[in-house]
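Here's the structure, in structure tokens; my notes come after.
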Amino acid sequence: MNSLPLTIILPVYNEAETVSEVIQSLLDLPLEMEIIAVDNGSTDKTADQLAKFESQKNFRHIKYDKLQGKGAAIREGLKHARGEFVIIQDGDLEYDPRDIVNLYNLAREKNADAVFGSRIRNPQSGVSYMRYYWGGRFLTWLSNRLYKLELTDQSTCYKLVRRELLEDMNLKCIRFEFCSEVVAKLGKMNKTIHEAPISYNPRSMAEGKKIRWIDGLEGIWTLLKLFIK
């Protein structure tokens, strides 16, 4: 299997209104990469939007017949990844794909194993509902306390990690606990996680935001469970 510098895994569920713009923005990046879109059982026109890019070089579309969960979709994408590094991109417009270039370049510059995009390090980044903001800050504090890390944004979508490390983790995540599992396992591997500021344009529940309070509890449980394992 021929390797590439970067794999972008795009788990999507009912993102027909935004996913085309996201993919085009990724394709426009000055990076050698592949995009693996995993349609997580969408019931809208997401599949039709993804089909428009089937002819693009290094674009792959995997479709589930029913909703499996974000973590499950990422694990499926990872099975097919060829990149030295892997990063996750959501199918909405909350994160700006142009920030991926800086994260990738920093990983190269530092010879890093992991680089996270931090919304907290950018004062101009938007803030979602305050309960999610403070929930994310608590998860960050707990991650730092348990695993001796120095993160500012544990819950960021933009986690750029060496593929071989992700494969060695034997990930079990199903839903949004992907973030906590990756952070915990990087911590247990004693890997340094670098951070760089990114922009963030949060959307509302009415606009399709999917994470719920129960996902925060699942993230906490994942951190604690892996700590005592």
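The values are calculated or read from the model by the stated rules, or taken from the named source; none is laboratory data. Please read these numbers as outputs of a predicted model, since none were measured by experiment. Reconstructed Cβ throughout: ideal geometry from the backbone, glycine too, with neighbour counts over all protein chains shown.
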Being farther than 30 Å from D44 by Cα, touching a residue at least 60 places away in the same chain (Cβ under 8 Å) and β-branched (V, I, T) is the requirement here; does V127 meet it? no
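Using the structure shown, decide if I36 is in contact with a helix residue (DSSP H, G or I) (Cβ under 6 Å, 6 or more places away or on another chain), at pLDDT 95 or above and of a type in the set (A, V, I, L, M).
Numbers: in contact with a helix residue (DSSP H, G or I) (Cβ under 6 Å, 6 or more places away or on another chain): yes; at pLDDT 95 or above: yes; of a type in the set (A, V, I, L, M): yes.
It is true that I36 is in contact with a helix residue (DSSP H, G or I) (Cβ under 6 Å, 6 or more places away or on another chain), at pLDDT 95 or above and of a type in the set (A, V, I, L, M).
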Going residue by residue through segment 215-222, is there one that turns out to be crowded, with 16+ Cβ neighbours inside 10 Å, modelled with pLDDT under 80 and not small (G, A, S)? yes
The condition from (1) under 20 Å from D99 (Cβ atoms); (2) at pLDDT 95 or above; (3) crowded, with 19+ Cβ neighbours inside 10 Å that G136 misses is numbered (2)
Might you check whether a residue that is in contact with a strand residue (DSSP E or B) (Cβ under 9 Å, 6 or more places away or on another chain), outside any loop (DSSP other than H, G, I, E, B) and crowded, with 18+ Cβ neighbours inside 10 Å occurs anywhere in segment 118-132? yes
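Quickly run through segment 78-120 and pick out the residues that are without any contact (Cβ under 8 Å) to a residue 24 or more places away in the chain and either on the phi < 0 side of the Ramachandran plot or aromatic (F, W, Y) (or both).
Residues of segment 78-120 without any contact (Cβ under 8 Å) to a residue 24 or more places away in the chain: 79, 105, 108-109, 111.
Those that are without any contact (Cβ under 8 Å) to a residue 24 or more places away in the chain and either on the phi < 0 side of the Ramachandran plot or aromatic (F, W, Y) (or both): K79, N105, R108, E109.
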Please verify whether segment 45-61 includes one or more residues that are in contact with a Pro (Cβ under 9 Å, 6 or more places away or on another chain) and either surrounded by 18 or more Cβ atoms within 10 Å (Cβ to Cβ) or on the phi < 0 side of the Ramachandran plot (or both). no
